Amino acid sequence: MTANAAPAPLLEGLEIGYVYPGQNPTRALEGLSLEVKEGEFLAVLGPVGCGKTTLLRIFAGFLRPTSGAVRCAGAPIEGPGWQRGYVLQEEAIFPWMTVRENLEFGLRAKGLEPAARQAVSEELLRLIGLSSFADSYPKDLSAGMSKMVEVARVLATDPAILLLDEPFGALDAQTRARMQDALADLWEKRRKTVLFVTHDAEEALYLADRIVVLSQRPGRVKAQFAVELARPRSLETRFSPAFLDLKRKIWEATA
């Protein structure tokens with residue numbers, strides 16, 4: 001690589017295609033190419049059914065593309081791996097475990113000693129503002145708090161990339177806005193690479209450095225937008241002329 005060459009993407013998909021088999025095969029993705037740079041917060045935006053979740057599952061290693069190739073740090077993705085942490089749409093924390101036990105679950109699986117697990121869980125509890133809930137069970141948490149525990153549990157294993165599949169989609173508008181602020185703050189502190197799937201243009205704008213818009217099924221890259229809004233973002237950001245102008249352009253692209 002020459003001195004002026006751009007660094008290789010951390011996550012890369014080349015001409016990805018995916019067909020769900022069956023009596024009536026469904027073509028979810030076709031000829032989709034996407035790069036995610038190290039440290040970037042990239043949002044993938046598109047209508048319901050355009051293949052966003054399929055794309056995320058391919059990058060996570062849960063699905064193999066029907067055509068094309070996917071790579072992480074230059075190596076082919078051939079299955080799930082610790083370097084790619086995946087947060088589902090559905091609630092996925094274990095109800096029989098405390099918040100701390102949930103956060104330490106992956107660390108236990110990796111064989112870390114109790115003292116090392118506790119050090120990591122305590123740091124993450126502070127970062128998500130739930131230190132006082134360390135010994136609480138999921139039933140004692142709000143929906144937003146539970147979702148942040150899921151994000152933190154994935155972060156605990158120190159993945160290079162966070163794959164987030166509409167994590168706040170089931171929350172009410174006010175809770176969703178608070179969780180967006182919490183995630184943005186967590187990203188600022190940890191600076192992980194994030195691939196974030198959503199169908200909400202405002203959410204994508206508020207969180208991301210760059211937005212990729214997918215077409216209707218089969219999903220292809222339809223448009224891309226750089227989000228050059230100062231961080232940290234706030235309520236004022238949402239009503240700024242630059243935010244509203246870019247939101248209009250994204251709506252036009254998704255029409």
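Farther than 21 Å from MET148 by Cα, within 15 Å of the chain's Cα centre (by Cα) and of a type outside the set (Val, Ile, Thr): which single residue out of GLU38, GLU30, GLU90 fits that description?
Testing whether each residue is farther than 21 Å from MET148 by Cα, within 15 Å of the chain's Cα centre (by Cα) and of a type outside the set (Val, Ile, Thr) leaves just GLU38.
Looking at the range 97-140, which of its residues are touching a residue at least 12 places away in the same chain (Cβ under 8 Å) and over 17 Å from ASP158 (Cα atoms)?
Listed by number, the residues that qualify are MET97, THR98, VAL99, GLY129, LEU130, PHE133, ALA134, ASP135, SER136, TYR137, PRO138, LYS139.
Filter the range 55-114 down to the residues that are in contact with a strand residue (DSSP E or B) (Cβ under 8 Å, 6 or more places away or on another chain) and polar (S, T, N, Q), then identify the one that is farthest from ARG27 (Cα to Cα).
Per the criteria, the residue is GLN83.
Can you pull out every residue in the range 230-250 that is surrounded by 11 or more Cβ atoms within 10 Å (Cβ to Cβ) and not charged (D, E, K, R)?
SER234, THR237, SER240, ALA242, PHE243, LEU244, LEU246, ILE250
Is one or more of the residues making up the range 143-152 basic (Lys, Arg) and more than 21 Å from the chain's Cα centre (by Cα)?
The answer is no; no qualifying residue exists.
Restricted to the range 104-124, and to residues that are in a loop (DSSP other than H, G, I, E, B) and on the phi < 0 side of the Ramachandran plot, which residue is modelled with the highest pLDDT?
Checking each candidate, the answer is GLU113.
Need the failing condition index for ALA6 against (1) more than 28 Å from SER142 (Cα to Cα); (2) in contact with a strand residue (DSSP E or B) (Cβ under 6 Å, 6 or more places away or on another chain); (3) at pLDDT below 95, just the number.
Evaluating ALA6 over (1) more than 28 Å from SER142 (Cα to Cα); (2) in contact with a strand residue (DSSP E or B) (Cβ under 6 Å, 6 or more places away or on another chain); (3) at pLDDT below 95 leaves (2) as the failure.
Only residues that are touching a helix residue (DSSP H, G or I) at 6+ places or on another chain (Cβ under 7 Å) and closer than 20 Å to PHE168 by Cα: list them for the range 206-223, please.
Hits for the range 206-223 are TYR206, LEU207, ILE211, VAL213, LEU214.
For PRO241, state whether it is over 28 Å from GLU123 (Cβ atoms) and without any contact (Cβ under 8 Å) to a residue 60 or more places away in the chain.
Yes, satisfied.
Quick check on my filter: what residues within the range 125-152 are farther than 18 Å from THR175 by Cβ, buried (at least 17 other Cβ atoms within 10 Å of the Cβ) and at pLDDT 90 or above?
LEU125, the sole residue that qualifies.
In the set ASP158, ASP181, which member is under 19 Å from the mean Cα position of the chain (by Cα), outside any loop (DSSP other than H, G, I, E, B) and farther than 23 Å from THR54 by Cα?
ASP181
Given the criteria touching a residue at least 12 places away in the same chain (Cβ under 8 Å) and either of a type in the set (Gly, Ala, Ser) or buried (at least 19 other Cβ atoms within 10 Å of the Cβ) (or both), does LEU164 qualify?
yes
Say we look at the range 197-229 and pick out the residues that are hydrophobic (A, V, I, L, M, F, W, C) and closer than 20 Å to TYR18 by Cβ; which of these is surrounded by the most Cβ atoms within 10 Å (Cβ to Cβ)?
For the range 197-229, the residue satisfying everything is LEU214.
The values are calculated or read from the model by the stated rules, or taken from the named source; none is laboratory data. Computed from a predicted structure; not experimentally measured. Note that we place each Cβ from the backbone using ideal geometry, even for glycine, and neighbour counts take in every protein chain shown.
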